[in-house]
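K.L.:
Structure incoming, see below.
The values are calculated or read from the model by the stated rules, or taken from the named source; none is laboratory data. Please read these numbers as outputs of a predicted model, since none were measured by experiment. When we count neighbours, we look across all protein chains shown, and the Cβ atoms used for this are built from the backbone with ideal geometry, even at glycine. The protein model used for the area step is the full one, side chains on, heavy atoms only, and it has no ligands, DNA or RNA in it. Shrake-Rupley method; radii C 1.70, N 1.55, O 1.52, S 1.80 Å.
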Amino acid sequence: MALYEHVFLARQDISAQQVDALVEQYKGVIEANGGKVGRIENWGLKSLTYRIKKNRKAHYALMDIDAPAAAVQEMERQMRISEDVLRYMTIAVEKHEEGPSAMTQKRDRDDRPREGGRGPREGGFGDRDRGPRPPREGGFGDRDDRPRRPREDRV
């Protein structure tokens, strides 16, 4: 049997319990066709980069699957039929990762305390702290400041 990582996106207007029910439904499909599902991660409701079927957010879920190709094809067929699943992607892998996925590690990293202030400068205003700027080259600042004579047609 082959190893797969499967991620799917569910509509934003269904509840977290309904997402769990979808995961259990697809887990049942895999197991009924001779496979097994390892790690299951629910990444929660996240914003999408662009709208998918009029949804701005989606529930993300990850499943590690050890199953024959026919089982995965049947699960994907049922996902195509379901109105609750917006997108899905299945990737064949050499071996499953140990521990939490990168998405859940990212969430843990965001929980750490941040340094106060505006960063290393603490209230600095960029170029203003360094004194006057040197004159620019090119553009409109190059012409000399002599008074201009009136145009011939407006005399």
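K.L.:
Please specify each residue of region 17-32 satisfying the condition of being surrounded by fewer than 17 Cβ atoms within 10 Å (Cβ to Cβ) and either closer than 19 Å to Leu45 by Cβ or among the hydrophobic types (A, V, I, L, M, F, W, C) (or both).
P.N.:
Kept after step one, since they are surrounded by fewer than 17 Cβ atoms within 10 Å (Cβ to Cβ), are these residues of region 17-32: 17-18, 20-21, 24-25, 28, 31-32.
Listed by number, the residues that qualify are Gln17, Gln18, Asp20, Ala21, Glu24, Ala32.
K.L.:
A further question follows. Mind checking whether some residue in region 115-135 is modelled with pLDDT of 90 or more, over 19 Å from Ala21 (Cβ atoms) and open to solvent by less than 60 Å² (accessible area, probe 1.4 Å)? It would help to see each step written out before you state the result.
P.N.:
The first filter runs over region 115-135 and keeps only residues modelled with pLDDT of 90 or more, leaving none.
Scanning region 115-135 turns up no residue that is modelled with pLDDT of 90 or more, over 19 Å from Ala21 (Cβ atoms) and open to solvent by less than 60 Å² (accessible area, probe 1.4 Å).
K.L.:
Turning to a different aspect of this structure: If I filter region 46-88 down to residues being closer than 27 Å to Ala2 by Cβ and small (Gly, Ala, Ser), which single residue comes out as surrounded by the fewest Cβ atoms within 10 Å (Cβ to Cβ)?
P.N.:
Kept after step one, since they are closer than 27 Å to Ala2 by Cβ, are these residues of region 46-88: 58-82, 84-88.
From what's left, small (Gly, Ala, Ser): 58, 61, 67, 69-71, 82.
Working: Ala58: 24, Ala61: 22, Ala67: 23, Ala69: 14, Ala70: 11, Ala71: 22, Ser82: 16.
Step by step, filter region 46-88, then rank; the result is Ala70.
K.L.:
Consider region 1-16. How many of its residues are farther than 23 Å from Lys54 by Cβ and open to solvent by 20 Å² or more (accessible area, probe 1.4 Å)? Give the derivation first.
P.N.:
Just the residues of region 1-16 that are farther than 23 Å from Lys54 by Cβ, to begin with: 1-6.
With the extra rule that they be open to solvent by 20 Å² or more (accessible area, probe 1.4 Å), the set shrinks to 1-5.
Total satisfying the criteria: 5.
K.L.:
I need the full set of residues from region 94-108 which are at pLDDT 80 or above and either open to solvent by 100 Å² or more (accessible area, probe 1.4 Å) or charged (D, E, K, R) (or both), in order please.
P.N.:
Within region 94-108, Glu94, Lys95, Glu97, Glu98 qualify.
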